[in-house]
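The values are calculated or read from the model by the stated rules, or taken from the named source; none is laboratory data. Note that this is a predicted model, so its numbers are computed, not measured. All accessible areas refer to the heavy atoms of the entire protein, side chains included, with ligands and DNA or RNA removed. Shrake-Rupley method; radii C 1.70, N 1.55, O 1.52, S 1.80 Å.
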Amino acid sequence: MKKPTITIFLTIILTIILSACNHTGEPLYIHQKFTQLNTVITPWEKDNDLLPWKGQGHMEIINSIDDIYATQTERFIEENPNWLNVDFSTKSILAIRSVLFNYDYWQFTKVISFAIYNRDDSYTIKKGEYSLYAVNYYAHFNSDEEEEDHSNWRIYQIAIVTDKIPSNAEITANWSLSVSPE
């Protein structure tokens with residue numbers, strides 16, 4: 001099976017799972033509308049002035065302009081002034097910072113789904129918890145690349161604007177890697 005076919009297959013399976021109904025007829029997940037903001041990428045430097053490293057998969061729920069200034073650098077805000085135009089009375093920004101491997105082959109990152117879990121009977125996830133699913137698309141992905149060589153690594157941040165999220169919300173983020181169809 002070719003990699004683009006695998007991605008399409010996995011997306012179909014994910015859609016079926018996320019839209020499954022529980023025994024009451026209610027959907028398992030309630031999909032949330034969102035708008036993805038620009039993906040921001042910076043060199044792999046722990047203390048850079050655009051996206052300082054905060055750890056793999058570091059997530060911020062931003063519910064005010066004060067939160068933007070508390071979580072983003074001055075340079076980031078200067079280069080992304082649209083963040084200051086979000087109506088925080090009804091909206092939130094969810095930002096996730098992580099490592100981007102094989103930057104030379106990276107094409108784009110897309111958030112595929114953002115949803116709220118809608119069941120009471122799970123041991124691992126509770127009703128009202130959020131789930132975000134994103135895909136990093138590459139023209140080519142070299143998994144044999146030396147682990148010690150970080151020259152092709154970058155720090156990146158993806159972000160979405162969505163309906164208001166509680167500041168203490170539980171959010172699980174999942175990623176997959178895919179080769180973009182040419």
## Note on the structure
Too long for a 19 Å Cα-Cα cut-off, among Lys46/Lys91; Lys33/Lys54; Lys127/Lys164; Lys46/Lys164, are Lys46/Lys91; Lys33/Lys54; Lys46/Lys164
### Message
Show me, for the range 66-78, the HN-Hα J-couplings you get by feeding each phi into the Karplus relation (A = 6.51, B = -1.76, C = 1.60, θ = phi - 60°), rounded to Hz, glycine and proline as x.
### Response
4, 5, 4, 5, 7, 10, 10, 7, 4, 4, 4, 5, 4
#### Entry: Using θ = phi - 60° and Karplus 6.51 cos²θ - 1.76 cosθ + 1.60, couplings along the range 47-63 (whole Hz; Gly, Pro as x)
10, 5, 8, 9, 9, x, 5, 10, x, 4, x, 5, 10, 10, 9, 10, 10
#### Entry: Rounded to whole Hz, the Karplus (6.51, -1.76, 1.60) HN-Hα couplings of the range 93-104, x for glycine and proline
10, 10, 10, 10, 10, 7, 9, 10, 8, 6, 3, 4
### Query
Using heavy-atom solvent-accessible surface (probe 1.4 Å) with all chains present, what is the largest-first order of Phe34, Phe114?
Phe34, Phe114
